[in-house]
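The values are calculated or read from the model by the stated rules, or taken from the named source; none is laboratory data. Just so it is clear, the structure is predicted and the values come from calculations on it, not from any experiment. In this analysis, Cβ positions are derived from the backbone assuming ideal geometry, glycine residues included, and neighbour counts consider all displayed protein chains. Just the protein is used for accessible areas: all its heavy atoms, side chains included, with ligands, DNA and RNA removed. Shrake-Rupley method; radii C 1.70, N 1.55, O 1.52, S 1.80 Å.
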Amino acid sequence: GYGYPGVEHPYADQPHPTEDGLFVMDLDTGEETLVASFDDAFRVAPLPEELAEQKMWFNLVVWSRDDGHVAFLSRYYMPTGNWRTALFTVGVDRGDLRCVIPYAWGCSHFDWADGERIACTTRLHAKTGGHVLFTNGKEDHRLLAPDVLFRDGHCHFSADARWMVTDSYPVGAGRMQHLYVMDMQSDEVTLLGRFHEPATFRHDWRCDLHPRWSRDGKRI
C-alpha cells in the first residue's frame, strides 16, 4: 500500500543490503546520510535462521519531537504470506540503533510523545495486544487503558503530550470505527465518535480514520 513500481532496485537480489536502508536528507543541500542500513537492522535483531534470506523493508518513518531520533518499522514476509514487524529507533548521528519492539511482539502503528517516550500498538510480551507506552531504550512497557484500547489503532500525541488520540478498525456487525482521546495524566479515555464503514471497503480498499492533531492542539 505504500510502494510504487518504478526504476529497477539496484539491490533487489540482496535480502538485507548494507548500501540501502534509512536515509536522512538535508533539504537545503540535497545531501543524504545513511543512518541505518538493512544489514544494520538485521544484525541488531536477526531474523530466524530459516528465514535469514528473506528480504527486509522499512515502513512508517517518524521523527522524535526533539529531532534527535527516528523510529521506523522493519518488516519481512513469512512463508505463509503474512509479514512480521519490529520497531526500531536510531539517532541521527547513527550511534544507537535499537530494536525496541521485537518481531515476536509485532508492531503496527506508533508515535513519539516527546524525545524519549513512544506509544505503539503491539502484542506486549507476545500475549496481550493494545496500546503500549515505553521509553526509548528501556524495558518499561506499560499498557494504556487496556479495557478500552485493546485493539490496533493509529495513535497520535498533542504537541504538549497531554493528550493522545487514537482509533479502531471497523468493529462488530455494524462495522463502526471508534475515535478516542486519552488524558495522559489521568489515563481517562473518552469516546469522541463512531463512524460506519460499509463492508464494501476491506483490506487495501478502505478508509482508516488515522486521526492527527492540529498544531495548536485544538482540533483533531
May I ask you to list pairs of residues, at least six apart or on different chains, whose Cβ atoms are under 8 Å apart, with the first in the stretch 189-215 being within 20 Å of residue 144 (Cα to Cα) and in contact (Cβ under 8 Å) with a residue 12 or more places away in the chain and the second being open to solvent by 100 Å² or more (accessible area, probe 1.4 Å) and not small (Gly, Ala, Ser)? 213/219
Select, from 37, 74, the only residue that is touching a residue at least 24 places away in the same chain (Cβ under 8 Å) and small (Gly, Ala, Ser). 74
Counting only residues that are surrounded by fewer than 16 Cβ atoms within 10 Å (Cβ to Cβ) and not hydrophobic (A, V, I, L, M, F, W, C), give me the strands (runs of 3 or more DSSP E) lying completely in the stretch 104-220 with at least 2 of them. 128-135, 189-196
Being in contact with a strand residue (DSSP E or B) (Cβ under 6 Å, 6 or more places away or on another chain) and on the phi > 0 side of the Ramachandran plot: is that true of residue 106 here? yes
Selection within the stretch 187-210 - over 15 Å from residue 166 (Cα atoms) and touching a Leu at 6+ places or on another chain (Cβ under 8 Å): none
Selection from the stretch 66-83 of residues that are open to solvent by 90 Å² or more (accessible area, probe 1.4 Å) and under 15 Å from the mean Cα position of the chain (by Cα): 83
Which ones in the stretch 1-48 are open to solvent by 60 Å² or more (accessible area, probe 1.4 Å), among the small types (Gly, Ala, Ser) and within 21 Å of residue 84 (Cβ to Cβ)? 1, 3
Considering every residue within the stretch 29-45, establish whether at least one is among the hydrophobic types (A, V, I, L, M, F, W, C), over 19 Å from the mean Cα position of the chain (by Cα) and part of a loop (DSSP other than H, G, I, E, B). no
Taking the condition at pLDDT 95 or above and farther than 29 Å from residue 197 by Cβ, does residue 140 pass? yes
Conditions (1) under 16 Å from residue 99 (Cβ atoms); (2) modelled with pLDDT under 95 -> residue 37 fails only (2)
Does any residue of the stretch 50-57 turn out to be charged (D, E, K, R), over 15 Å from the mean Cα position of the chain (by Cα) and in a strand (DSSP E or B)? no
Which of the residues belonging to the stretch 69-103 are outside any strand (DSSP E or B) and either modelled with pLDDT under 95 or touching a helix residue (DSSP H, G or I) at 6+ places or on another chain (Cβ under 9 Å) (or both)? 78, 79, 80, 81, 82, 92, 93, 94, 95, 96, 97
